[in-house]
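Below you'll find the structure, written out as C-alpha cells, and then a few comments.
Here, each number is a calculation from the coordinates, and none is a lab measurement. As the structure is a computational prediction, the values presented were derived from the model and not from experiment. Glycine gets a Cβ as well: all are built from the backbone with ideal geometry, and neighbour counts include every protein chain shown.
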Amino acid sequence: MLYSHGRFLDVLFADNLRNPDQPYEYITGLTAEEAPGEGDSESFFAHLSRLPPHADRIVFAVSSFDGSTFATVHRAHCRLVDESLGHELARYAFPATGSHTALIMAEVTRSAGAWTMTALGEPATCTTFADLLQVIGRHG
C-alpha cells in the first residue's frame, strides 16, 4: 500500500497485480526457477526512484479475506533487494504460523530523500480491506 503524508494513495493485490502507469508490481505463484530469492513464492517490486516525489511510505502486508489463516504457513520473510546490483540489502524472517488472517510485514519510508525499511511482523485478523487499512493506520 502506498501512502503520502499519511494519506492512502494506491494498493496492489491479487486482482490488481500491476498498474502500467505505476512503478510497482505484484507477482504471485512463482516457481522455484522463477523466484528471485530462496523461498520467494510471491514478490512485490517497487522501483523507488520512479515513485512520485510525494509518496513517502510503502507498507507490505499479506492477507486473506476468505477466512484462510496462517495456520499452515511455517515461514514468511521480507527482503529488500537492489536489483540494479543484485544485492540483498536486508532480510527479515517472521514466525508466521497462527490463527491470524493477515501479516503486516514491513514498511519502507522516505525521509529527506532517503529510504529506510522497518520490519513490523504484526499478525492481524482482518476480514475486509478496510480492516487491513485500519491495522496499518496504527503504524502511520
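Which log10 I(q)/I(0) values does the range 41-87 give at q = 0.17, 0.24, 0.28 Å⁻¹ under the Debye formula, counting every alpha carbon as one identical point scatterer?
The Debye formula, applied to the Cα set alone, gives -0.73, -1.06, -1.23.
Can you compute the FRET efficiency between residue 8 and residue 49 using 1/(1 + (r/R0)^6), with r the Cβ-Cβ distance and R0 = 25 Å? Round to the nearest 0.05.
For residue 8 and residue 49, the calculated efficiency is 0.70.
Roughly how many debye, to the nearest 20, is the charge dipole of the range 61-140 about its Cα centre, given +1 on each Lys and Arg Cβ, -1 on each Asp and Glu Cβ, and no other charges?
The calculated dipole for the range 61-140 is roughly 140 debye.
Can you give the local net charge around residue 122? Use residues other than it whose beta-carbon is closer than 14 angstrom to its beta-carbon, Lys and Arg +1, Asp and Glu -1.
The answer is -1.
Between residue 109 and residue 92, what length comes free when the chain is fully extended (0.36 nm per residue of separation minus the Cα-Cα distance, one decimal in nm)?
Residue separation times 0.36 nm, minus the Cα-Cα distance, leaves 4.5 nm.
Using amide H atoms built in the peptide plane, which far-off residues or other-chain residues are under 5 Å from residue 57 H to H?
3, 110
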